[in-house]
Structure formats: C-alpha cells, structure tokens
Amino acid sequence: MMQEPDALSPSELIAARRAKLSHLRTELGVDPYGQRVDGRATLAVARGQFDEGAHVAHAAAVAAAKVDPAAPIVDTRAKTRVAGRVVQHRDMGKIVFVGLRDASGDLQISMSKSEMSPTAFAVAKGLDYGDIVAVDGRIGRTQKGEVCVWATDLSMQSKNLEPPPSKWHGLEDAELRYRRRYVDMFANPQTVRTFEARSHIVSTIRRFMEARGYLEVETPMMHPVAGGAAARPFTTMHNALGMPLFLRVAPELYLKKLLVGGLSKVFEINRNFRNEGIDRSHNPEFTAMEAYEAFGDYGTMLELVESLVHHCACAALSHQWNARAEDGPILAFGEMRIDYRRPFEQVQFATLFERGVGCSMHDQEKVRAAATANHIAHAATSDHWLLVNELFERCAEALIDPLRPTFVLDYPSATSPLTRPSRANPDLAERWDLFIGGMEIGPAYTELNDPDVQLAKFTDQLRGADEEMSTFRTLDEDFIAALRTGMPPAGGMGIGIDRIVMLLTDSPSIRDVILFPLMRPEGTSDVPA
RNA sequence: GAUUGCGUAGCUCAGCUGGUAGAGCAAGUGGCUUUUAACCUCUAGGUCCUGGGUUCGAUCCCCAGCGCAAUCACCA
C-alpha cells in the first residue's frame, strides 16, 4: 500500500481506492471527478443502436485488411457516447470488459489496448466496481454475441471510495438497503424499477383525477390544531411566533374549507405524519390522496375509487410494473393473485359483523357477551359501539377475501365523528372502507355539513379522550366556523398511495416503496469516550 | 410500547459441548486481445454489534444495552 489509510475509515479496501485516486491524479494526470458530458445516450438507447449488418461488414473489413493491409476499413457501426456506473470489471490483459449500469439498464463496454490512448486504457484497467465513467465508441458485439460499446475513449467521472456490496448477491441486508438507498439502487436494479413505477402510478392517479375535473391543491402541513383523523400527531414549534404546531395527520379539514369557498372537486396528494408504530404497512410519514366532491356522497366516491384503482391496475399491467402480471387485471402480491376486475366486492359492515361474530351488532347483550368471550378490555363497561368496532376488527375483517378488492359499507356512526349518519338508519354512518390484499387502502364518507351536529360530535369525542389524547386534541373552532358559513353536502375519500404502490409493484413492505424510510440512527450508542 | 428471532471480513454466508475463526465474491500482486458470477498464481483482510458477568479461558453460556426483522398493540 503506497498511501496511508483513510483516517476516518481504516479499512484497507478504502485505502486501496484512495491510492488509485491519487494515482489517477499524479501518474495519469486525470481528474477523477470529471466534467460535463454532452451528447450522452442512455445505455438502453445505445443498445438499441446496434446493427448486425454494420457489425458483420466491419468484421469482414477488418479480416480483409489483415490479408491486404491496403484494403480500406469502412466502419458503419453507430457512434455513441454513454456514461454509467461500473458493475463488472474483467481485465483480460490487452482487452478489458466493463459492465456499465444506468437507470435504463446495463451495457458492456469492450476496450482493446490497440484502439485507445495509453492513458485511457490505463484508466480502464484500474477501474473499480462502483466507479462512474463516460465512454466514446461504436456499438458492436463480441464474438460471444454480447452487444457492447467498442470504446475509443474512456474518461473517469467519479471515483467510488466506499467498498460496494457483492456484485452477484447485490445488497440483501434490508437495513442497509434502506439506510443506504443509493447503494441499493445500483446494486439491485429492481429497486430503481419499483420507484420508477411509483412515480408512474402517482402520475397516473393525478391524470385520472384531473381528467375527471378535480383540481389539485396543496394545503398546510403544519397545523395549529391537529384534526381530520384519530391519530397522534408530531409536535413542533414556530420560534418567531412562539407557536406550537402539529404536523398534519390529515388534510381533511382544510380541503373541506375549500368546498365552503366554492371549489367543487378538489384533491391533494401529499404527506401525512402520524406518531404511531412502524410495521410492514406503516411509516411515520406516508403519502395519501384525499379527494372531495361537492354535492356528492360516499356512493360517488365508491365509483371514483373503484374506477381509479381498476385504472391503475390496468396501467400496471400494460407498463409491466409487476413482472408476474397475468392476463386481465390480475396482479401478483406475494403469494396472492389479486383480481382487480370490476365490479369490486361490496359487503355491509353489519353483514360481515354477523358472519364473523355470530350475532347482530345491534344486540347489545350478545355483543357484550361476545366481547367478554374474546377478552376485549373493559368488555363489561365499554360503550356498545366501541365493542362492536373492536369485535369487527378482531373477528370480521379477516373474512374479507384478500384476492378481491372489497368495499365494506355503512360503519357504526358512533366511531365516525366526521361522517353524516345514514338517512335510513342513524346508528350507521355513510362510510365505506376499501380492503385489498388484506390491507386497508382507505375510507370514504358522506361528509357531515351541519355545524351544530359536528360541534356536538367533536365535543363528545373530546369528553371521551384520555389525558394524553386531550393534550393535542382540541376543538377546531376555525373548522366549525367554516361549516357555519355553509358547506355543500359532499363525498370525501382518502387512500394510501404507498399501499397502492405496494400492491401494484408486488412489494411486501411499505419500506420498499418509500425511498428513504424512517430509521433509528445507528452507531450513536452511549459508548463512553 | 410488548413478545420472539437475528447481528461473524466490504458483500453473501459457514463455524465453534466454551480453547480468540473459514469459504465464495470484492481487494492487492503477477499472467492473459473476445470475457459473461471470466480464469489461473500468490497475498492481505476480523473489537465474531456494544458493555458487564460466569469461567483458567467467551464469538459461543447469563444479564443489560443498541440496531434490524417478524408478530401484536396504536393506526391508515
């Protein structure tokens, strides 16, 4: 080793790369960090420029020139300039093969000592897995048929100083994939495919909503009062105003204010923040879409969401986001084959409850008995409808067919404080939840627009809140004032975008569809100095 | 927040009734002008997650901590 190891990282692997960095500068006179590269083709485009006829003609001309040195070598192979990260490096002596990768795919670069400057060839021989290079050359293929760029020049664009993961296995450790996503992205090409798909799905949703006349809006993420969902918020503080703020748990109340203001169809796609647990389908910040339509109801929203999800499933098929897609909008999700054909299933909450629990949800005695039998806390004293809700989640939700998108309709009114009670049965709220693949994708409601009923429900909810909840759950006077101004009757819905993306990209964890999921800091344990 | 499991070389993984560790790839060296996880030669590479304890001796057993994963709770 010609150079002292990196002071911060004593690994000799890093020292070797630093030595090469120094060698590039002092011995080869090369800037390892490159300059602007114009006229670059993606690797996929360059590969598409391959022409077998030109390759054969060139090979024949080279062969002829060996017999008769005076014979002209006509080369009609396409010239190209590409750049990418080195993912393979095979040095055969006087010929070097390098595998390059960019977001479009992989392409081999073949470099013959006789066709390059000594400096460029020396750089090529010294490349490491992870370096970024730019290459000029012509598109041809090798004797074994591998389409490649036969390089005439190669320049260093960035030196990799971090020992990269195994080129064969990629980066498999889930923790490292999330913490160092940038490594995951070049070590595991599927990661890039998944996030491209995510982008296309969000774009598809946006275009779908716009085509239906919905206006996209952006409402505050910092709320003086946390509202719109029953979730613990994150707290923060505005210094200059001396003002406590909550990161929003839902945009709902602001979007409804826009209906008061006269917009009739609005949607917002953005982040919500909920101070809750983390698991396979929960990240503290997640992306949701909420949409509201004046003069609609939850039926309006049902048609909207069914069309939207079906549309996205079809788009997933045609874009092959999901490699295991079968004929029709049937998409693989792990071991499941989820059938997105319309119409989706619909089932009444009360029906599903009876099937799962074995009694009518209106039968107070039997519900309480069932709650006791299922060891639900405070079964003897709890409110009837809270028990119904508990029992439903414990016993009935599992009956929903995970292979078919299913709307569960008409939840108990008592657990839906922002929802308008059903005209036919005031115990029920005009609300549905959509379940796909065993996950809750989102709810929709016929929104409550009577300010006095809303105020009463909020007040009831506050009265029932425990000490912790009541520290951040306060009455949103602004929202009540907006309702007093007059909000048209409306349908509203919210769906989890991350979960839709999970389903359509066959990703088992929400962390596979969030670029930088929240991780605990590592290596900062209380080691005494 | 609870329970269970995992943490060994840069990566992927072996290993040990408790006697301080191995492989493949990656890295360094030498060879090779058509390779495909290139191959061949030689070499180097480890706080076995951290801190305690038991022991003559701990990577292994016990306790605590940290991180990750799964399940549950909360929630979407």
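General remarks:
- A:A197 being within 20 Å of A:V45 (Cβ to Cβ), touching a Ser or Thr at 6+ places or on another chain (Cβ under 7 Å), of a type in the set (G, A, S) and more than 15 Å from RNA strand B (Cβ to nearest atom): no
- Scanning the range A:111-124 for residues that are in contact (Cβ under 8 Å) with a residue 40 or more places away in the chain and surrounded by 20 or more Cβ atoms within 10 Å (Cβ to Cβ) turns up A:M111, A:V123.
- The range A:76-108 - residue that is within 9 Å of RNA strand B (Cβ to nearest atom) and among the basic types (K, R) and, of those, farthest from A:Y182 (Cα to Cα): A:K94
- Check on A:T236, touching a Leu at 6+ places or on another chain (Cβ under 8 Å), farther than 11 Å from A:F267 by Cα and β-branched (V, I, T): yes
- Against the conditions (1) touching a residue at least 60 places away in the same chain (Cβ under 8 Å); (2) assigned to a strand (DSSP E or B), A:L154 satisfies every one except (1).
- Considering the range A:333-358, and only residues there that are in a loop (DSSP other than H, G, I, E, B) and touching an Asp or Glu at 6+ places or on another chain (Cβ under 9 Å), the residue that is modelled with the lowest pLDDT turns out to be A:G334.
- For first residues located in the range A:264-287 and closer than 24 Å to A:E175 by Cα and part of a strand (DSSP E or B), partners that are among the small types (G, A, S) and near RNA strand B (Cβ under 6 Å from one of its atoms) and lie 6+ apart or on another chain with Cβ distances below 7 Å form the pairs A:F286/A:G496.
- Residues being among the hydroxyl-bearing types (S, T, Y) and part of a loop (DSSP other than H, G, I, E, B) - total across the range A:95-124: 2
- So A:L171, is it within 8 Å of RNA strand B (Cβ to nearest atom), over 23 Å from A:V30 (Cα atoms) and in contact with a Lys or Arg (Cβ under 6 Å, 6 or more places away or on another chain): yes
- Residues located in the range A:235-255, provided they are part of a loop (DSSP other than H, G, I, E, B) and under 22 Å from the mean Cα position of the chain (by Cα): A:R248, A:V249, A:A250, A:P251
- Odd one out for A:A71 among (1) at pLDDT below 95; (2) assigned to a strand (DSSP E or B): (2)
- Looking across the range A:125-148 at every residue that is assigned to a strand (DSSP E or B) and within 11 Å of RNA strand B (Cβ to nearest atom), the one that is surrounded by the most Cβ atoms within 10 Å (Cβ to Cβ) is identified as A:C148.
Here is a yes/no grid of residues against (1) within 15 Å of RNA strand B (Cβ to nearest atom); (2) out of contact with any strand residue (DSSP E or B) (no Cβ under 7 Å at 6 or more places or on another chain):
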{"position": "A:S110", "(1), (2)": "yes, no"}
{"position": "A:V123", "(1), (2)": "yes, no"}
{"position": "A:P163", "(1), (2)": "yes, yes"}
{"position": "A:Y178", "(1), (2)": "yes, yes"}
{"position": "A:A187", "(1), (2)": "yes, yes"}
{"position": "A:R207", "(1), (2)": "no, yes"}
{"position": "A:A211", "(1), (2)": "no, yes"}
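The values are calculated or read from the model by the stated rules, or taken from the named source; none is laboratory data. Quick caveat, the model's predicted, so the values are computed rather than measured. Backbone-built Cβ (ideal geometry, glycine too); neighbour counts: all protein chains shown.
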